[in-house]
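Down below is the structure, laid out as structure tokens.
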């Protein structure tokens, strides 16, 4: 409002705006300005909440869910890392890790213990992905409702799809960004990578067979035979779905895998969790 | 307009009003974080990760 210091500025345009109407206009503009500033602050808060605070909150509820399932095997620091070239100084002391003996592994879904589908939002399994770090372990809970499962508990199981180890398609979804982002590095998975699922009674080791990027309507991704709806399954498959590209709803990133073997819990760790991918 | 009005209508001396304002602000931010933002986020499609129109 830098106006030249002309004397008697009010006299310059006396007919157009009386002081009264000018005051009303000022009040309206002031009100609009305050509303806009408030809206800007709220939007800024929303972005901060979505990008950072959801990770904090969801990370907490996810680790709580992991703590609650008493049978989940804790992650072990593998002895093999001592031979890595990245180590500075003395190699870390080896940690003895019992591996599942070969004769307990069953290289087929036959005889695998398959748990019944639990109630929504019940955590029934853990997922280990060696490609995402030997310390990557996340809870898997029933359902794919955003508010009740995916935003709070992380990875969710598509209701009605097969359970771990069963013939059919064990289909799970997870956030790629925000809310603890369990599938943030899904694009780094390669053919042959292991996806290890643990339930109370068994380990299920799946191998990645491929990935694809499809539209959100591509429901064939979670069909009993992945990508081929209507066919009768003979294998135990796994499907991971998440959004693509990051921060977008445009496409879905889908990773498929097939069961390599299963083994009962209590006799050691799958070697896939110990070896470097 | 809104904010000066609130300030004028708060009771007590200046420091008491400041505390009330801080409290009100905390309540607003908390309710946004707890209820409003989670609801808004679930309405927006940008975070969806499922197939089949959930």
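The values are calculated or read from the model by the stated rules, or taken from the named source; none is laboratory data. Everything numeric here is computed off the predicted structure, so don't read it as measured data. Don't worry about glycine lacking a Cβ; one is built from the backbone with ideal geometry, like all the others, and counts go over all protein chains shown.
Observations on the model:
- Residue B:52 vs. criteria within 11 Å of another protein chain (Cβ to nearest Cβ), more than 18 Å from the chain's Cα centre (by Cα) and at positive phi: yes
- Screening segment A:140-161 for residues that are in contact (Cβ under 8 Å) with a residue 60 or more places away in the chain and under 13 Å from residue A:118 (Cβ atoms) and picking the one that is farthest from the chain's Cα centre (by Cα) gives A:141.
- Which listed residue, of A:171, A:162, A:125, is in contact with a strand residue (DSSP E or B) (Cβ under 8 Å, 6 or more places away or on another chain) and part of a loop (DSSP other than H, G, I, E, B): A:162
- Selection status of residue A:136, more than 10 Å from every other protein chain (Cβ to nearest Cβ) and out of contact with any helix residue (DSSP H, G or I) (no Cβ under 9 Å at 6 or more places or on another chain): no
- In this entry, residue A:211 is excluded by the filter for residues that are crowded, with 19+ Cβ neighbours inside 10 Å and more than 15 Å from the chain's Cα centre (by Cα).
- Being surrounded by 24 or more Cβ atoms within 10 Å (Cβ to Cβ) and touching a residue at least 12 places away in the same chain (Cβ under 8 Å) is a description that applies to residue A:173.
- Subset of segment A:213-240 (residues that are in contact with a strand residue (DSSP E or B) (Cβ under 9 Å, 6 or more places away or on another chain), more than 11 Å from chain B (Cβ to nearest Cβ) and over 18 Å from residue A:165 (Cβ atoms)): A:213, A:227
- Residue A:248, sole failed condition from (1) closer than 28 Å to residue A:47 by Cα; (2) at the interface with chain B (Cβ under 8 Å from one of its Cβ atoms); (3) at pLDDT 90 or above: (3)
- Test: residue in segment A:68-88 that is modelled with pLDDT of 55 or more and in a helix (DSSP H, G or I): yes
- Flag for residue B:18 being loosely packed, with under 13 Cβ neighbours inside 10 Å and more than 7 Å from every other protein chain (Cβ to nearest Cβ): no
- Criterion (touching a helix residue (DSSP H, G or I) at 6+ places or on another chain (Cβ under 9 Å), within 14 Å of chain A (Cβ to nearest Cβ) and farther than 29 Å from residue A:243 by Cα) met by exactly one of B:39, B:7: B:7
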